[in-house]
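In what follows, a single structure is set out as structure tokens and then discussed.
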Amino acid sequence: MSQQNSRPATIAGLILAVTGLSHFVVPQAYQKLTEPAFPNDTRKHIYIDGAIETAVGLGIAAPKTRKVALLGLVAYLLYLGGNAVRNR
């Protein structure tokens with residue numbers, strides 16, 4: 001992948017990482033989003049989600065780890081979706 005093509009991925013990864021970090025700064029902002037998927041121990045899951053998003057975002061931002069991080073992103077989205085469906 002050329003540097004030109006990796007710039008949008010780097011920016012998207014950094015945005016995801018900052019979003020992940022915001023889970024620790026303002027966890028209450030994620031309460032209503034997280035509660036349907038994780039009705040028990042919601043705050044704990046807000047922090048877990050924040051950690052995952054930070055790690056995956058940093059992985060996407062770095063060209064050397066981007067492919068693995070994108071697989072991690074898919075797994076994370078399946079994990080969130082599965083919990084949302086299960087806890088309806």
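The values are calculated or read from the model by the stated rules, or taken from the named source; none is laboratory data. Predicted model, so just to flag it, every value in this text is computed and none were measured. The protein model used for the area step is the full one, side chains on, heavy atoms only, and it has no ligands, DNA or RNA in it. Shrake-Rupley method; radii C 1.70, N 1.55, O 1.52, S 1.80 Å.
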Inset, instruction - Determine the per residue accessible area of the chain with all protein chains present and a 1.4 angstrom probe, expressed in square angstrom. - result: 66
Inset, instruction - Tabulate in residue order the Karplus-calculated ³J(HN,Hα) for region 72-77, using 6.51 cos²θ - 1.76 cosθ + 1.60 with θ = phi - 60°, rounded to whole Hz; enter x for Gly and Pro. - result: x, 5, 4, 4, 5, 5
Legend entry - Under the Karplus curve 6.51 cos²θ - 1.76 cosθ + 1.60, θ = phi - 60°, whole-Hz ³J(HN,Hα) for region 22-31, x wherever Gly or Pro sits: 5, 4, 8, 7, 10, x, 5, 5, 9, 4
Inset, instruction - Counting helices only, and only those DSSP H runs with n ≥ 4, report the 222 nm mean residue ellipticity of the chain as the sum of -39,500 (n - 2.57) divided by its residues, in deg cm²/dmol to the nearest 500. - result: -26000 deg cm²/dmol
Legend entry - HN-Hα J in Hz across region 32-40 - Karplus 6.51, -1.76, 1.60, θ = phi - 60°, x for Gly and Pro: 5, 6, 8, 4, x, 7, 9, x, 9
Inset, instruction - Leaving ligands, DNA and RNA out of it, rank Leu33, Leu70, Leu16, Leu77 by accessible area with a 1.4 Å probe, largest first. - result: Leu33, Leu77, Leu70, Leu16
